[in-house]
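Here is the structure we will look at.
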Amino acid sequence: MYSADVVKNEFYTTATRSGLEASEVAVLKKSIPGAFDLRKLKKNETMRLVVGKKSGKSRVVAYTLSTSKKKFVAYRVSDNNFYLMSDSAQFASLTYPKPPSARISSSFSPARVNPVSGKTSPHNGIDYSMPMNTKIVSVTSGTVTKAEYNKTMGYYIEVTGNAGVKTRYLHLNKILVKKDQLVGQGSSIALSGNSGRSSGPHLHYELLMNDKPIDSLAYQPQLRLGKLEQHVYAHIQQYEQYLD
Ligand SMILES: [Zn+2]
C-alpha cells in the first residue's frame, strides 16, 4: 500500500519518479526546514519519502530528513499538512539557560508568600535575579503569542511551542519581538528588567504544559505528546517500517 523512496542529491527527480503532482510537491515543500535546499541536498543530508496512492494519485504521507546531527520526521495528518518533529526538540531541556550573572532567587512553589503583597499565592515560575538589560532568550522554538504590558507581569512575552508547551518571560525592560513572530530556541527576545509587580531586577520564567504551570527545574526531558502529536502518532505505525 505504501512504498519508500530515497532521495539522491536532489528531490525533484524522485518526486517525478514517484508520480507526485506539483500540488503535492508544494504541500511538502512548505514544511521543509529552511536549512535544507531540496534542489541540492548536502552530502550529509538524507531524505526518504513514504508514498501511498489515494484515488489513483500518488501522495506523500510521511518523510524523513536527516543530517549527521539531526533527524526530522514529518507526518501528514488529516488537515493535509505535514507536521515536523525533530528528535532533538522532543527531548530538549526546558530549563532557562541561566547566564553567569544570574542566580535563582525564588523557586517554583504552589503556596508561597508573595514578597511584595505579603499574601500567600502560588509562584508558578522560577525567578532569576539578574542585572537590568540582561539578554533574555527563548527556551523553545515557537510562535510569540503574547508580547505586551500587564500591571502585574510588567512587559512580558509568551512563546507557544509544539506539544502543548508554552514559556513565559516576565518583568522585562524591553521586548525585542512582536506578536505572531516565529522565534528559534535560544534566540534573543527581550532585555530583562523590573517592570510590573517586581521587587528588584529579575526574570520570572514560567513553563506551562497544556496551560498547567510546571516546575521547569524538576522537569525531566522526555517525549512530550500534545493533542496533535497523539493524533499523528496514532498514524505512525502504518508508515514506520518505511521510514528507517
Ligand atoms: Zn516570579
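The values are calculated or read from the model by the stated rules, or taken from the named source; none is laboratory data. Fair warning: this is a prediction, and the values are worked out from it, not measured in the lab. Cβ coordinates were reconstructed from backbone atoms using ideal geometry, including for glycine residues, and neighbour counts include every protein chain displayed.
Residues in the stretch 161-212 that are more than 15 Å from the ligand (Cβ to nearest atom), surrounded by 16 or more Cβ atoms within 10 Å (Cβ to Cβ) and hydroxyl-bearing (Ser, Thr, Tyr): how many?
So the answer is 0.
Would you check if Val139 is under 21 Å from Tyr219 (Cβ atoms) and aliphatic (A, V, I, L, M)?
Yes: the conditions hold for Val139.
If you take the residues in the stretch 114-131 that are aliphatic (A, V, I, L, M) and buried (at least 18 other Cβ atoms within 10 Å of the Cβ), which one is nearest to Gly200 (Cα to Cα)?
Met130
Determine whether Leu20 is surrounded by 16 or more Cβ atoms within 10 Å (Cβ to Cβ), out of contact with any strand residue (DSSP E or B) (no Cβ under 6 Å at 6 or more places or on another chain) and not assigned by TED's automatic domain parsing to the domain that holds Gly184.
For Leu20, the condition - surrounded by 16 or more Cβ atoms within 10 Å (Cβ to Cβ), out of contact with any strand residue (DSSP E or B) (no Cβ under 6 Å at 6 or more places or on another chain) and not assigned by TED's automatic domain parsing to the domain that holds Gly184 - is not met.
If you go through the stretch 74-90 one residue at a time, do you hit one that is within 16 Å of the ligand (Cβ to nearest atom) and either in the same structural domain as Ser31 (by TED's automatic domain parsing) or touching a residue at least 24 places away in the same chain (Cβ under 8 Å) (or both)?
no
Out of Thr134, Thr46, report the one residue that is within 28 Å of Val177 (Cα to Cα), surrounded by 13 or more Cβ atoms within 10 Å (Cβ to Cβ) and either more than 15 Å from the ligand (Cβ to nearest atom) or outside the structural domain of Ser192 (by TED's automatic domain parsing) (or both).
Thr134
For the stretch 158-199, what are the residues that are among the aliphatic types (A, V, I, L, M) and part of a strand (DSSP E or B)?
Across the stretch 158-199, the qualifying residues are Val159, Val165, Leu170, Leu172, Ile175, Leu182, Val183, Ile189, Ala190, Leu191.
Where residues in the stretch 137-156 are β-branched (Val, Ile, Thr) and assigned to a loop (DSSP other than H, G, I, E, B), which of them is nearest to the ligand (Cβ to nearest atom)?
Result: Thr152.
Any residue at all in the stretch 143-151 that's among the hydrophobic types (A, V, I, L, M, F, W, C), surrounded by fewer than 21 Cβ atoms within 10 Å (Cβ to Cβ), on the phi < 0 side of the Ramachandran plot and within 16 Å of the chain's Cα centre (by Cα)? Talk me through it step by step, then tell me what you get.
Within the stretch 143-151, the first condition is being among the hydrophobic types (A, V, I, L, M, F, W, C), and the residues that meet it are 144, 147.
Cutting the leftovers down to surrounded by fewer than 21 Cβ atoms within 10 Å (Cβ to Cβ) gives us 144.
If we keep only those that are on the phi < 0 side of the Ramachandran plot too, we end up with 144.
Adding the requirement that they be within 16 Å of the chain's Cα centre (by Cα) leaves 144.
Taking every residue of the stretch 143-151 in turn, at least one turns out to be among the hydrophobic types (A, V, I, L, M, F, W, C), surrounded by fewer than 21 Cβ atoms within 10 Å (Cβ to Cβ), on the phi < 0 side of the Ramachandran plot and within 16 Å of the chain's Cα centre (by Cα).
Considering only residues of the stretch 114-131 that are in contact with a strand residue (DSSP E or B) (Cβ under 6 Å, 6 or more places away or on another chain) and outside any loop (DSSP other than H, G, I, E, B), which is nearest to the ligand (Cβ to nearest atom)? Full working, then the answer.
Step one: list which residues in the stretch 114-131 are in contact with a strand residue (DSSP E or B) (Cβ under 6 Å, 6 or more places away or on another chain), which gives 114, 120, 122-130.
From what's left, outside any loop (DSSP other than H, G, I, E, B): 120, 122-123, 126-129.
Details: Thr120: 14, Pro122: 10, His123: 6, Ile126: 7, Asp127: 4, Tyr128: 9, Ser129: 10 Å.
Filtering the stretch 114-131 for residues that are in contact with a strand residue (DSSP E or B) (Cβ under 6 Å, 6 or more places away or on another chain) and outside any loop (DSSP other than H, G, I, E, B), the one nearest to the ligand (Cβ to nearest atom) comes out as Asp127.
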